[in-house]
Structures are given as structure tokens and as C-alpha cells.
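Working notes, structure below.
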Amino acid sequence: MKIPEPLIERLRAARHLVVLTGSGISAESGLPTFRDKQTGLWERFKPEDLATPHAFDKDPALVWGWYEWRRMKAARALPNPGHLAIKALEDLVPRLTLITQNVDDLHERAGNRVVLHLHGTLTNPICASCKRPFLLSPEVPNEPEGGRRVEPPRCSQCHGRIRPGVVWFGESLPQREWSVAQQAASECDVFACIGTSSLVYPAASLVRGPLNRRAVTIQINPGGTDLDARVTFDLRGPAGTVLPALVNGAFRTVDDNSRKAVE
Ligand code: BV8
Ligand code: ZN
């Protein structure tokens, strides 16, 4: 993919790069996006119908089973060249703030030191009643491909049901992560939206400031979104291809191991 020269110059000159990722960055690692049709037991459900407190109250075993299946998938997945390119950027620009809507840990496994999870993670469940953290067994769940209902474990303190440590629709985002993300979006000179449909709020509002301030804004997505005509650079393609090309184009003189990472 040919990367526009002006983008290469702006990225080379970047002081503070903010990267916001969505489920599209994990698609090439084999993890379904929220747009993809669900499979197995969850085929007849839209993700946003399962990712709610109401769904958990109504059928906790169905929802817990879904998250245990996703935790298995994420644990068996590997970071792809898109994740690795973002890791390389961490060492190539003066300051990188990596913000993700994803609940998988593929950015961390790619090596990024700081990852702001706006919507929580699959690996930090809590008690739905007393909010006490719950320690998961280290084994990777061994769920059937088509999924199954799994009764959520109980809290050792209050016997409440354990729920995934994620932000469900209708729930507010974790305060610290959200305020650090807003601060970074208000200070950055380059803001990149990668693999997100930019439809879920308030995460989708983060790019608003950089757009209004005429900071450099980049979208990397094989499909269209509401941002197509609003960003400075709209790169149409899969993150696993576009990001390595972008990092290579901008930082050809990277040292060996970063080269390995992005080639
Ligand atoms: C809240 C965790 C209130 C759980 C998630 C304003 C306007 C309209 C609606 C609202 C609004 N404000 C609030 C709302 C309601 C709601 C919302 O936004 N609804 C949407 C659907 C309209 N927001 C909320 O409920 C939020 N909470 O507002 O609380 C409140 C306020 C104060 C006090 C109390 C309460 C909470 C939102 C968070 C919900 N949790 N995840 C879980 O994962 O199970 S959201 C979840 O869905 C993901 O985390 C992610 O954020 C979102 C999916 O979006 P994407 O990641 O972008 O993925 P998607 O599948 O949509 O798109 C994939 C993209 O990748 C596509 O564009 C595709 O083309 C692209 N792609 C595909 N392959 C590739 C690729 N790109 C690159 N490379 C590839 N290879
Ligand atoms: Zn409890």
C-alpha cells in the first residue's frame, strides 16, 4: 500500500501520537469484531444485546459462557503485524498514548507497555454484588467451539455472582482510563483511529477534539465509517498490512528488531 508522503512527514514529526483501536485490529488475529455475525450458541444474539447488565441478570450462564468462550479465543490468538507495528511506534515517536476499546490483551502481548482499556478486560472479573476482584484459574478455558452455558462462579465473601470485568452498555467507563484518554486527545498532534466503526460512545467522541483543532487525524479501516471525509488521512485497508507499511515508510531507519517486528 502506497502511504501518502505528507502523512509520512507528519508522522516523522509527531510529538505526541494517540492511537485508538477497536475490534478491527484483532480481526487478523482471528477474533470476531462486533459487526461480524456471531456463531454457535450466540448466533441469534447481537453482541450489544449480550454485553448488558440486563442480559446477565436474565441469563447469567449464557453471558458468562460467552465471555469464557471469548477469553479462550483471545488466549489462543496471537498479536498480528498491526499490533506489532503499534508496539514499534512506541519506540519510534517521542510519546505514544495507546487507547483501546478491546477487552483482549493482544496489545500487551505485542509488548506495548501502557494500554488504556476503556471497556475493561476479559481477565479481571469482579463480584457483581460487592465488586471484589475474583481470581481466575490460570488455565485457558477449554470451551466447545460452538460455546455453552457456564454458571458464573460465586464470590467467596458475599456469595454474589462473579461477572466479567468489562464495561457493559449503559455502564460508565473506568474514570482514570477515561480521563487520561481525554487528556491525551486534547494534547496530541496526531490521532489515529484504527479498526473501529466509531459508533460506540463515549469512545467515538475522542477524535472530535483533534478534528476541531485540525490536528493530524488518521483512519485505518478496510471499510467506511462516519469519519471517512473528516480525517486528514483515510487509509483503506486491513491494519495488519497498512500499519507495517506506514511505520516502514516513516521510519525506514528503524533498528533490526523493530524492522523484524514491522516487516
Ligand atoms: C454509557 C465491552 C452511560 C464489553 C463495549 C451517544 C450516542 C448514541 C449512543 C450512546 C451515546 N452515549 C452512550 C450511548 C449508548 C452506548 C452506545 O454507544 N451505543 C451505541 C451502540 C450506539 N454507550 C454506552 O452504553 C457506554 N456507556 O454511555 O453509559 C452512562 C453514563 C454515565 C453514567 C452511567 C452510564 C458504554 C459503551 C461500552 C460498551 N462495552 N465492550 C464487551 O466487549 O463485551 S463496546 C464494544 O463494542 C467494543 O468494546 C467496542 O467499543 C464496540 C465495537 O466497536 P468497534 O471496536 O469499533 O468494533 P466494530 O465491530 O463495531 O467495528 C469493527 C471495525 O473494524 C469496522 O469498522 C471494520 O470495518 C473494521 N475492520 C475489520 N477488519 C479490520 C478492520 N479494521 C482494520 N483492520 C482489519 N483487518
Ligand atoms: Zn461479593
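The values are calculated or read from the model by the stated rules, or taken from the named source; none is laboratory data. Please read all numbers here as calculations on a predicted model, not as lab measurements. Neighbour counts run over all protein chains shown; Cβ positions are idealised from the backbone, glycine included. These area figures cover heavy atoms from the full protein model, side chains too; ligands, DNA and RNA do not enter into them. Shrake-Rupley method; radii C 1.70, N 1.55, O 1.52, S 1.80 Å.
Taking the dipole about the Cα centre of the chain, with the C-beta of Lys and Arg at +1 and of Asp and Glu at -1, give me whichever of 209, 115, 63 is farthest to the positive side. Highest projection toward the positive end goes to 209.
Of the Cα atoms belonging to the chain, the radius of gyration and Dmax stand at 18.9, 59 Å.
Most simply put, region 122-263 has about 35% antiparallel DSSP beta bridges, counting only bridges with both residues inside it. Take the alpha-carbon centre of region 71-122, take the same for region 152-227, and report the distance between them in whole Å. Cα centroid of region 71-122 versus Cα centroid of region 152-227: 14 Å apart. The H on the amide N of residue 219, modeled in the peptide plane, is under 5 Å from the matching H of 193, 233, 234, 235, each at least 5 residues off or on a different chain. Per residue of the chain, the DSSP helices (runs of n ≥ 4 H) give a summed -39500 (n - 2.57) that works out to -9000 deg cm²/dmol at 222 nm.
Taking the Cα centre of the chain as origin, work out the dipole magnitude from +1 charges on Lys and Arg Cβ and -1 charges on Asp and Glu Cβ, in debye rounded to 20.
280
Please state the relative contact order of region 60-195 as a whole percent: Cα pairs under 8 Å, 6+ residues apart? Once divided by the residue count of region 60-195, the mean separation gives 30 percent. Accessible surface area normalised per residue over the chain is 47 Å², counting heavy atoms of protein chains with a 1.4 Å rolling probe. Between the listed residues 29, 45, 82, the Cα displaced farthest toward the positive end of the dipole of region 1-87, a dipole computed from Cβ unit charges relative to the Cα centre, is found at 82. Extension gain, residue 95-residue 130: 0.36 nm per intervening residue step, less the Cα-Cα distance, totals 8.8 nm.
Largest GNM mean-square fluctuation among 43, 68, 90, using the chain with Cα springs under 10 Å: 43. Site pair residue 213 and residue 57 shows an inter-label distance of 4.0 nm when each label is modelled 7 Å from Cα along Cα→Cβ. Here region 97-174 is assigned +1 on the Cβ of each Lys and Arg and -1 on the Cβ of each Asp and Glu. Its dipole about the Cα centre then comes out at about 340 debye.
Checking every one of the trypsin sites (Lys or Arg not before Pro) in region 22-110 against DSSP loop status and a limit of 16 other Cβ atoms within 10 Å picks out 35, 37, 44. Measuring nothing but protein heavy atoms, the accessible surface of the chain at 1.4 Å probe radius is 52 percent carbon and sulfur. When the convex hull of its Cα atoms is viewed from all sides, region 28-136 shows a mean projected area of 7.9 nm².
Springs between Cα atoms under 10 Å define the GNM used for the chain, and in it the highest mean-square fluctuation of 105, 226, 49 occurs at 226.
Placing a label point 7 Å from the Cα of residue 154 along the Cα-to-Cβ direction, the residues of region 126-146 with a backbone N closer than 20 Å are 126-137.
Nearest 5 percent is fine: what portion of the DSSP beta bridges confined to the chain is antiparallel?
Counting DSSP beta bridges with both partners in the chain, the antiparallel share is about 20 percent.
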